[in-house]
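Following: one structure in structure tokens, then a few remarks.
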Amino acid sequence: MTDREFMNKVANGKDDFLQEILDMLGKNQTSFCAIGGLAVNAYAEPVVSLDLDIVIVADRLDAVLTMLKKRYSVTEYANSINVTEPTSNLRIQIQTDMRYQSFINRAIRQRVLGYEMPVAAIEDVLQGKIWAAMDETRRPSKRQKDLSDILRLIEVKGDLSSLIPEPLNDKLFPEK
């Protein structure tokens, strides 16, 4: 079984929803990059996730949303937009927080579970995970996963630990 087949099997996908989204963004020359847990998988040992978190260049977001709404279910929240398709359990989560926009220019094409896509630079993925882990409005289980993702990145590239703010350092390494 290939990585892509595995991803679609886990997502219970009848169609290749993820590839459809990647193709649509590519066809419309929309700059974007992966930023969340699946982006961590580009750098560290993969962990299964049914969310693909991405950031889309701000000046194309309205046009992309118009296209997405014609074919998929789109739900807008304060700082994100969820895109789902009835035949897949995969969720595309578009981050609309402007802090993530600069990640797009530093993104690197990577292979993530069998899919080629631009992925935020490892330092940017880490920064996004730090913001998420420190966001007290997020569910505790989500923040705990963010801490785990931060540790996965540090295990791959140890010098990233110097970028961790003190409050998170205490949570990640309580024995120090």
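Some observations on this one:
- 10 Å Cβ shell holding at most 15 others, DSSP loop, GluC sites (Glu not before Pro): longest site-free stretch of the chain: 1-135
- On Cα atoms only, tilt of 61-71 relative to the major axis of the chain in degrees: 60
- To the nearest ten degrees, helix 122-134 and the longest principal axis of the Cα atoms of the chain are 80 degrees apart.
- A cut-off under 14 angstrom between Cβ atoms defines the neighbours of G128, and their net charge, with Lys, Arg +1 and Asp, Glu -1, is 0.
- Residues whose placed amide H lies under 5 Å from that of D53, excluding near-sequence neighbours: I35, G36, G37, L38, A39, Q93
- Counting Lys and Arg as +1 and Asp and Glu as -1 over every other residue whose Cβ lies under 9 Å from the Cβ of L38, the net charge comes to -2.
- Summed side-chain charge close to L90 - residues other than L90 whose Cβ falls under 13 Å, Lys, Arg +1, Asp, Glu -1: -2
- Table column - 3J(HN,Hα) (Hz), the stretch 3-11, Karplus curve with 6.51, -1.76, 1.60, x for Gly and Pro: 4, 5, 4, 4, 4, 5, 5, 5, 7
- A107 long-range amide H proximity, modeled H, under 5 Å: A121
- Amide H partners (placed H, <5 Å) of V112, local residues excluded: M117
- Whole-Hz ³J(HN,Hα) from phi, Karplus 6.51 cos²θ - 1.76 cosθ + 1.60, for the stretch 150-163, glycine and proline x: 4, 4, 4, 5, 5, 4, 7, 9, x, 5, 5, 4, 5, 8
- Selected from S102, S141, S80 as most flexible by GNM, with the chain as the system and alpha-carbon contacts under 10 Å: S141
- The orientation-averaged projected area of the convex hull spanned by the Cα atoms of the chain comes to 10.3 nm².
Bear in mind that the values in this text are calculations on the coordinates, not laboratory data. It should be emphasised that the depicted structure is a prediction, and the values quoted were computed from it without experimental measurement. Note: ideal-geometry Cβ built from the backbone for every residue, glycine included; neighbour counts use all protein chains shown.
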